[in-house]
């Protein structure tokens, strides 16, 4: 390679690495605004000029060089190992974007012998995450252990107490201790990033903390658990039952061996509690959320919903009203024409309803190594750039106490499936109880193909019946169903699903 070719390449690399314009390089380094343009057109500067410019480039780089950002990662599961691989593989590109090198200098994991596909030859190993969080050899601590208490909480607090910035993907930790950790971070001047804690690779936390200006959020809802969305999607597309879909989800790694946290709705509830705090400026209240999972959803429910123009999705919904905040997680019938109905498989989606931008839908992969690690890395880059925002959007002292709003009338009504005993007067008694509660029925559906086996304890034959109500109070529906059950005209537990007109 000739000297002039090497020189041209060095100039172009310098410009690209810093994102400069040719004119800026000419003025700052060469002393001639047109220098790069002339060079690109074939001009060959004299060797003395090239030497002077090369030295100026080196002097500039030396003067502006910063020490690398040293990162300690606790937890080398799928997300942690992927994060380390990305930083090691894309180091040059990260340096170009940041103007500073990022280096993983310490890690903490249960096993040192497991092959995770990372180069740990020059990395300090720790067995204790708290010791790693306090170690002077790191500038930023990344917690990917999981769990709302124990080592994860102890390590995050240890880092924040000494003013060390923390990035975590731990929604359970934040749902339970988020206000306490935010206050600690503010007291010590540490940054706390948790983009990956809600909806994986979707930048919903950054949008809420930085991207909406003065927009007032009235409602937030979405699909926040990929396991449940995968199961419901397959049930709808392939006509197979919940148990078979769950087994496949476990085999593919979408569901844990014990899937209760996901299919029971609790994972979504933790994420919703964090979002509600950011949306409404209130304290995090994970124990104030009404939670229903998807374990009772049958093929009959999926089929009727589809015939009526709906899909069933597990939604987390939080809404502000004059009486407080309503937070709930439950299966929901959503119109097939709605944007969120098209979010299938393991994807997640969050919709923000605001006064300035109406409805904003953020959708994408909600779990998995690369998407979640990308969100962790996004927080790392923000901290490295010096971005500072209160962890929960407003200073923790300004968070309002959480006030739970009463359950109100629900636009769109309810879907109710029950097994009525095949005896005289059963339907009349059911209709009477609904009417006495002020519940207007839009339709009653009974078809042989909607049979759900739930035999009566006394051996009486039953018929599966689906009721659709007009808008009404939820408590009225629950009271009516309780009285219908006490009358002895149904078998098993009725299925009730809200219908959302999104």
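Scanning the range 129-139 for residues that are surrounded by fewer than 17 Cβ atoms within 10 Å (Cβ to Cβ) and modelled with pLDDT of 95 or more returns a single hit, 131.
Taken together, the residues in the range 142-168 that are out of contact with any strand residue (DSSP E or B) (no Cβ under 8 Å at 6 or more places or on another chain) and surrounded by 24 or more Cβ atoms within 10 Å (Cβ to Cβ) amount to 0.
Can you tell me which residue in the range 294-316 is modelled with the highest pLDDT, limited to those that are surrounded by fewer than 23 Cβ atoms within 10 Å (Cβ to Cβ) and over 20 Å from residue 451 (Cβ atoms)? Ranking the qualifying residues of the range 294-316, first place goes to 311. Considering (1) in contact with a strand residue (DSSP E or B) (Cβ under 8 Å, 6 or more places away or on another chain); (2) on the phi < 0 side of the Ramachandran plot, the lone condition that residue 277 does not fulfil carries the number (1). From the set of residues in the range 186-212 that are surrounded by fewer than 24 Cβ atoms within 10 Å (Cβ to Cβ) and over 18 Å from residue 222 (Cβ atoms), which is modelled with the lowest pLDDT? Taking the candidates together, the pick is 210. Scanning the range 375-434 for residues that are touching a strand residue (DSSP E or B) at 6+ places or on another chain (Cβ under 7 Å), surrounded by 14 or more Cβ atoms within 10 Å (Cβ to Cβ) and closer than 17 Å to residue 209 by Cα gives 376, 379, 380, 382, 383, 391, 399.
On the given criteria, is residue 322 more than 19 Å from the chain's Cα centre (by Cα), surrounded by fewer than 21 Cβ atoms within 10 Å (Cβ to Cβ) and either free of Cβ contacts under 8 Å to residues at least 24 places away in the same chain or outside the structural domain of residue 229 (by TED's automatic domain parsing) (or both)? So residue 322 fits the description; yes. Note on the range 134-166: residues that are closer than 19 Å to residue 261 by Cα and touching a helix residue (DSSP H, G or I) at 6+ places or on another chain (Cβ under 8 Å) total 7.
The values are calculated or read from the model by the stated rules, or taken from the named source; none is laboratory data. In this text the structure is predicted, and so the values were computed from the model without any measurement. All Cβ positions, glycine included, derive from the backbone under ideal geometry; neighbour counts span all protein chains shown.
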